Amino acid sequence: ARDSSIDYFKPLQTAAIAVARQARDECGMDSVRIAGCLPPLVGSYHPELGLDFESSLRTYRDIVAVQTPHVDLIQCETMASVSEARAAATAAKESGLPVWVGLTLDDENPACLRSGEPWQQAIGVLEAIGIDAILVNAEITKKRSLEENRGRVSTMAMAFIHGQEWADVISRLD
């Protein structure tokens, strides 16, 4: 409920968990797991707008408290700074569930997070917390694929198949 009222948070979480459980039950596969999600609290690609560590930690703990009884693992996704990743991973680890953390790298300097911090720094912090998996977002790979005709054609075909306006697809790439 980041972009709306906090009053919507629990009902939206409850609805999302119910849909995920229904999908898992209907697929008939016992191995399907439900992941809780700790997203960036302010902006996925703008770590400079993020909250301080303590504020982030408090908010992530609130999210974890709602999700933990209903999920099998927690994924912290699109973490763009060491502070953000540390706050999310700390709150998630307190749940006792497996924790996966997804980092997002700078498009121009993939040796760094979007915050400009070296990704190795984030890895060290996350390993110290004891998380179970580290993931890396592949934005740069997608953008590089568009440098070749095959990548552009594939993107155009998928937009057509899904009924998306090409102008909308292009605007999301920037």
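Name the residue, out of Glu84, Glu77, Glu148, that is of a type in the set (Asp, Glu), over 30 Å from Tyr8 (Cα atoms) and either in contact (Cβ under 8 Å) with a residue 12 or more places away in the chain or open to solvent by 50 Å² or more (accessible area, probe 1.4 Å) (or both).
Values: Glu84 fails: over 30 Å from Tyr8 (Cα atoms); Glu77 fails: over 30 Å from Tyr8 (Cα atoms).
Checking each option against the conditions leaves just Glu148.
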Residues being open to solvent by 40 Å² or more (accessible area, probe 1.4 Å) and without any contact (Cβ under 8 Å) to a residue 60 or more places away in the chain - total across segment 87-105: 4
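Looking only at segment 2-14, which residues are open to solvent by 50 Å² or more (accessible area, probe 1.4 Å) and outside any loop (DSSP other than H, G, I, E, B)? First the steps, then the outcome.
Just the residues of segment 2-14 that are open to solvent by 50 Å² or more (accessible area, probe 1.4 Å), to begin with: 2-4, 6-8, 10-12, 14.
If the condition is that a residue be open to solvent by 50 Å² or more (accessible area, probe 1.4 Å) and outside any loop (DSSP other than H, G, I, E, B), then Ile6, Asp7, Tyr8, Lys10, Pro11, Leu12, Thr14 are the ones that fit.
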Residues located in segment 116-132, provided they are open to solvent by less than 50 Å² (accessible area, probe 1.4 Å), closer than 12 Å to Arg86 by Cβ, more than 16 Å from the chain's Cα centre (by Cα) and small (Gly, Ala, Ser): Gly124
Meets criteria (in a helix (DSSP H, G or I), closer than 21 Å to Asp106 by Cα and open to solvent by less than 30 Å² (accessible area, probe 1.4 Å)) for Glu48: no
Any pair with Cβ under 7 angstrom, 6 or more apart, that starts in segment 155-169 at a residue that is of a type in the set (Gly, Ala, Ser) and ends at one that is open to solvent by 60 Å² or more (accessible area, probe 1.4 Å): Ala159/Trp166
Where Thr78 falls short, out of the listed (1) closer than 20 Å to Ala20 by Cβ; (2) in a loop (DSSP other than H, G, I, E, B); (3) polar (S, T, N, Q): (2)
Pro39 vs. criteria closer than 30 Å to Gly116 by Cα and at pLDDT below 90: no
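Test Ser56 against the stated conditions and say whether it is polar (S, T, N, Q), in a loop (DSSP other than H, G, I, E, B) and within 19 Å of Ala122 (Cβ to Cβ).
Values: polar (S, T, N, Q): yes; in a loop (DSSP other than H, G, I, E, B): no; within 19 Å of Ala122 (Cβ to Cβ): yes.
So Ser56 fails the test.
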Residue satisfying all of: in segment 22-33; open to solvent by 90 Å² or more (accessible area, probe 1.4 Å) and assigned to a helix (DSSP H, G or I); nearest to Ala65 (Cα to Cα) among these: Gln22
Contacts under 6 angstrom Cβ, first residue in segment 112-124 being in contact (Cβ under 8 Å) with a residue 12 or more places away in the chain, partner open to solvent by 40 Å² or more (accessible area, probe 1.4 Å), 6 or more apart: Leu113/Trp119; Arg114/Tyr45; Arg114/Asp106
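The values are calculated or read from the model by the stated rules, or taken from the named source; none is laboratory data. The shown structure was predicted, so the numbers you read here are calculated from the model rather than taken from an experiment. As a convention, Cβ positions derive from the backbone with ideal geometry for all residues, glycine included, and neighbour counts pool all protein chains shown. Just the protein is used for accessible areas: all its heavy atoms, side chains included, with ligands, DNA and RNA removed. Shrake-Rupley method; radii C 1.70, N 1.55, O 1.52, S 1.80 Å.
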